[in-house]
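Encoded as structure tokens, the structure appears first; notes follow it.
Since every read-out is calculated from the coordinates, none of them should be taken as a lab result. The shown structure was predicted, so the numbers you read here are calculated from the model rather than taken from an experiment. Every residue, glycine as well, gets a Cβ built from its backbone with ideal geometry; the counts of neighbours run over all protein chains shown.
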Amino acid sequence: MKYSQATDYALHAMLYLVTAAPDKPVGVQLLAEKLGVSQTYLSKMMTKLVKAGLIQSATGANGGYRLRRKQEDISFLDIIHAIEGTASLFECSMDHGSECLIQQVVMESERQMEQYLGNKKIADVAKLMQAK
């Protein structure tokens, strides 16, 4: 399975926001430079994070993005769902409905992966990064 490049950028942007000062928004230009991506592309991705309620945007000269939720509450799964959506990675093309044993196996693996990613918080990675 493969996540899009947008998910990679979103995870890194969120990590940067977790380590930034909570009272000062981080501008899209600074984030784009840190990630090595265009501001336009990053803005589209950040809009998805805003819509998911993970971050908030502030307009104006000192505008930018900052966390909306407590950093300890933001999981990898929250970020991935904000960018990729929640659709299953696998869909059986045969016409035997929910009785497909192959789909049941794949769905169980997705459930386990989502449980793992839901338990992994972006703040934990930030702490590990800061400890280095």
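Summary of computed values
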| read-out | value |
| --- | --- |
| Tail beyond 20 Å, pair distance distribution of the chain (Cα, percent) | 50 percent |
| Segment R69-D95, length gained on full extension (0.36 nm per residue, minus Cα span) | 5.1 nm |
| DSSP-assigned coil residues among GluC sites (Glu not before Pro) in the stretch 1-110, each with at most 16 further Cβ atoms within 10 Å | E91 |
| Candidates V26, V50, V106: whichever shows maximal mean-square fluctuation once the chain is modelled as a Gaussian network with Cα springs under 10 Å | V106 |
| Point-to-point label distance, A61-Q112, nm (Cα→Cβ direction, 7 Å offset) | 5.6 nm |
| Ratio Rg/Rh, restricted to the stretch 1-42 and using Cα atoms, in which Rh is the Kirkwood radius | 1.00 |
| Coil-residue trypsin sites (Lys or Arg not before Pro) of the stretch 1-60, DSSP, other Cβ within 10 Å capped at 13 | K2 |
| Stretchable slack from L128 to T47, in nm (0.36 nm times residue separation minus alpha-carbon distance) | 26.4 nm |
